[in-house]
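Let me begin by presenting the structure, written as structure tokens, before commenting on it.
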Amino acid sequence: MDDMQTRSAVLDHPAADTTAAVEHFAARLAYEADCTDVGADIAAGIGGFVVIDVRSPELYEAGHVPGAINLPHRRITAESIAFLSRDLLLVTYCNGAHCNGSTRGALRLAALGRTVKEMPGGMDGWVREQLPVERGKPG
């Protein structure tokens, strides 16, 4: 039996102590919003945030999170977001885990001084969770 068969890929690197784990996971929640949580808040009419679809207008038109604003990440500037209240949390999303457009959009928004979270599952996660999808051009 070779050494690879007797070693654990999981246990090879010790887990962080609980204090560090609490800090790490709390920090992740400060940066990310789950698709299901966003969908539940939208369905309940909870305000305080705006969902930003950072994909192309064509992908937005084919299907997007209800009420999302289409703002492709490359077009995010101080001028393009001036209409958004500074009191709102902005939640970015793109296609899904294989896409970093939501990260790029979140970075641009944060650099412009906006409070932002990323929805890592993106449209793929939204659809997999069987949440409602709107279709049509940006309004």
(message) Return the pair list, or none, for Cβ contacts closer than 7 Å from residues in the range 67-78 that are without any contact (Cβ under 8 Å) to a residue 60 or more places away in the chain to residues that are open to solvent by 20 Å² or more (accessible area, probe 1.4 Å) and not basic (Lys, Arg), at least 6 apart or on different chains.
(response) 71/80; 72/56; 78/112
(request) Within the range 26-45, track down each residue that is surrounded by 11 or more Cβ atoms within 10 Å (Cβ to Cβ) and not charged (D, E, K, R). (result) 29, 31, 33, 35, 36, 38, 39, 40, 42, 43
(request) Scan (1) free of Cβ contacts under 8 Å to residues at least 60 places away in the same chain; (2) surrounded by 10 or more Cβ atoms within 10 Å (Cβ to Cβ) for the single condition residue 15 breaks and write down its number. (result) (2)
(request) Working only within the range 69-86, note down all residues that are open to solvent by 60 Å² or more (accessible area, probe 1.4 Å), under 19 Å from residue 47 (Cβ atoms) and among the aliphatic types (A, V, I, L, M). (result) none
(message) Need the failing condition index for residue 92 against (1) touching a residue at least 12 places away in the same chain (Cβ under 8 Å); (2) assigned to a helix (DSSP H, G or I); (3) surrounded by 10 or more Cβ atoms within 10 Å (Cβ to Cβ), just the number.
(response) (2)
(request) Return yes or no: is residue 36 outside any strand (DSSP E or B), of a type in the set (Ser, Thr, Tyr), within 20 Å of residue 122 (Cβ to Cβ) and out of contact with any Pro (no Cβ under 6 Å at 6 or more places or on another chain)? (result) yes
(request) Look through the range 19-76, keep the residues that are over 14 Å from the mean Cα position of the chain (by Cα) and among the charged types (D, E, K, R), and return whichever of them is nearest to residue 130 (Cα to Cα). (result) 41
(request) For residue 58, state whether it is charged (D, E, K, R) and surrounded by 13 or more Cβ atoms within 10 Å (Cβ to Cβ). (result) no
(message) Among the listed residues 106, 97, 111, 62, identify the single one that is at pLDDT below 95, aliphatic (A, V, I, L, M) and either out of contact with any strand residue (DSSP E or B) (no Cβ under 6 Å at 6 or more places or on another chain) or on the phi < 0 side of the Ramachandran plot (or both).
(response) 97
(request) Could you grab me the full set of residues in the range 98-139 that are assigned to a loop (DSSP other than H, G, I, E, B), of a type in the set (Gly, Ala, Ser) and open to solvent by 30 Å² or more (accessible area, probe 1.4 Å)? (result) 113, 139
(message) Anything in the range 95-136 that is of a type in the set (Ser, Thr, Tyr) and touching a Leu at 6+ places or on another chain (Cβ under 8 Å)? List them, or say none.
(response) 115
(message) Exactly one of these conditions fails for residue 85: (1) over 14 Å from residue 109 (Cβ atoms); (2) part of a loop (DSSP other than H, G, I, E, B); (3) small (Gly, Ala, Ser). Give me its number.
(response) (1)
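The values are calculated or read from the model by the stated rules, or taken from the named source; none is laboratory data. Computed from a predicted model, the values in this text were never measured in an experiment. Using ideal geometry, Cβ is built from the backbone for each residue, glycine included, and neighbour counts are taken over all protein chains shown. To get the accessible areas, we keep the full protein, side chains included, count just its heavy atoms, and leave off ligands, DNA and RNA. Shrake-Rupley method; radii C 1.70, N 1.55, O 1.52, S 1.80 Å.
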